[in-house]
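J.: Quick one: the structure is below, questions incoming.
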Amino acid sequence: MTARLSRPPSPWPGSRYETEHRWDLDDVTTLAEAAARVRALAADLRAAHAAGWTLAEPMRDGHLVATRPSRRQRARTAPDPVPLPEPGTAPALRWRVRVVDEPPVPGDDVLSLDAAPGTPVVTRGRGDLVQVAGPDLPADVLAELDRQVAAGELGARRWGVGAARIGPGRDLVADGSALRVHAVVGGVLVRTVEGLTFRHAADRAATLPDAAAAYERLARAAEAMAAAGGRLTDTDDGLLHVRYGR
């Protein structure tokens, strides 16, 4: 007699499951702990997919709604062969430029772009954002900065471009601004504080494998931040705050 095929056990009960992945990391104390918990979440999503669950709508703000056939429907139909794990494709990363212009007070470190030769420097030309000094910015990064920042927002000043330690993000920091979440190290403007967003990590994921891939990407980013010297300082509403240096 041929053995009856069966799906693997489901991590969720019933035929509809709804939750919000937003506060799951509020009690973690290290980036390694955060990465491990996010990887466990990704494994649950893959197990749910193998057990017949599908997303009812794309994920947004950590909100997950999934359904599967009811027990009666499952009993009436022969189970599908157990699928191989699907790798999924995480939605493309989106980033927003941070514009930083902090008036200094006595005791503040202040950005002097003349003392930061390893930092790309941009300014407004005749309407467009143009690079005027420093290592060449990729054309797509300069175009994205130009797209995101309104024409009147930067004035005629010079702005240093600081890259995220991990990921595609960029900051524009005004020449003469106080350095409160940045520093100049070896002539290069770097972040000293970064955010890692758990709440929005799987935004726009249309399938459970895609959501799992997005969370696995987040876990890798947390590990990379730790390897770069970052430490978790606190979590707030699905945002992990990471500090580098002292």
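The values are calculated or read from the model by the stated rules, or taken from the named source; none is laboratory data. In this text the structure is predicted, and so the values were computed from the model without any measurement. Please note: Cβ atoms are built from the backbone with ideal geometry, for glycine as well, and neighbour counts cover all protein chains shown. For accessibility, only protein heavy atoms count, side chains too; no ligands or nucleic acids. Shrake-Rupley method; radii C 1.70, N 1.55, O 1.52, S 1.80 Å.
J.: List every residue pair whose Cβ atoms sit under 7 Å apart, with the two residues 6 or more apart in sequence or on different chains, where the first one lies in segment 145-158 and is over 17 Å from PRO120 (Cα atoms) and the second, anywhere, is open to solvent by 50 Å² or more (accessible area, probe 1.4 Å).
T.: GLN148/ARG96; GLU153/VAL99
J.: Let me ask something else. Looking at segment 106-120, I want the residues that are in a helix (DSSP H, G or I) and have a partner that is among the aromatic types (Phe, Trp, Tyr) with Cβ atoms under 9 Å, at least 6 apart or on another chain. Which pairs are those?
T.: LEU113/TRP159
J.: What's the number of the condition GLY245 fails, among (1) assigned to a loop (DSSP other than H, G, I, E, B); (2) assigned by the TED database to the domain that holds PRO168; (3) of a type in the set (Gly, Ala, Ser)?
T.: Result: GLY245 fails condition (2) only.
J.: Working only within segment 88-110, note down all residues that are within 30 Å of ALA47 (Cβ to Cβ) and open to solvent by 60 Å² or more (accessible area, probe 1.4 Å).
T.: If the condition is that a residue be within 30 Å of ALA47 (Cβ to Cβ) and open to solvent by 60 Å² or more (accessible area, probe 1.4 Å), then THR89, ALA92, LEU93, ARG94 are the ones that fit.
J.: Name the pairs whose Cβ atoms lie under 6 Å apart, with the first residue in segment 89-103 and farther than 21 Å from VAL161 by Cβ, the second open to solvent by 70 Å² or more (accessible area, probe 1.4 Å) and part of a loop (DSSP other than H, G, I, E, B), and 6 or more positions between them or separate chains?
T.: Sorted first by the residue in segment 89-103, then by its partner, the pairs are PRO91/ARG204.
J.: Checking MET59 against (1) within 23 Å of the chain's Cα centre (by Cα); (2) modelled with pLDDT under 95, which single condition isn't satisfied?
T.: So the condition that MET59 fails would be (2).
J.: In segment 18-46, which residue that is out of contact with any helix residue (DSSP H, G or I) (no Cβ under 9 Å at 6 or more places or on another chain) and open to solvent by less than 60 Å² (accessible area, probe 1.4 Å) is farthest from HIS200 (Cα to Cα)?
T.: Of everything passing the filter in segment 18-46, ALA40 is farthest from HIS200 (Cα to Cα).
J.: Name the residue that is surrounded by the most Cβ atoms within 10 Å (Cβ to Cβ), counting only residues in segment 168-212 that are in contact (Cβ under 8 Å) with a residue 60 or more places away in the chain and polar (S, T, N, Q).
T.: SER177
J.: Please determine, by comparing only the residues of segment 111-129 that are surrounded by 11 or more Cβ atoms within 10 Å (Cβ to Cβ) and among the hydrophobic types (A, V, I, L, M, F, W, C), which one is farthest from VAL184 (Cα to Cα).
T.: Filtering segment 111-129 for residues that are surrounded by 11 or more Cβ atoms within 10 Å (Cβ to Cβ) and among the hydrophobic types (A, V, I, L, M, F, W, C), the one farthest from VAL184 (Cα to Cα) comes out as LEU129.
J.: Considering only residues of segment 17-33 that are touching a Phe, Trp or Tyr at 6+ places or on another chain (Cβ under 8 Å) and farther than 16 Å from ALA212 by Cβ, which is modelled with the highest pLDDT?
T.: Looking at residues that are touching a Phe, Trp or Tyr at 6+ places or on another chain (Cβ under 8 Å) and farther than 16 Å from ALA212 by Cβ, I get LEU25.
J.: Shifting gears a bit: Report yes if some residue within segment 212-221 is more than 30 Å from ALA151 (Cβ to Cβ) and outside any helix (DSSP H, G or I); otherwise report no. Before the answer, list the steps.
T.: Let us first name the residues in segment 212-221 that are more than 30 Å from ALA151 (Cβ to Cβ), namely 212-221.
Of the ones still in play, those that are also outside any helix (DSSP H, G or I) are none.
Within segment 212-221, not a single residue is more than 30 Å from ALA151 (Cβ to Cβ) and outside any helix (DSSP H, G or I).
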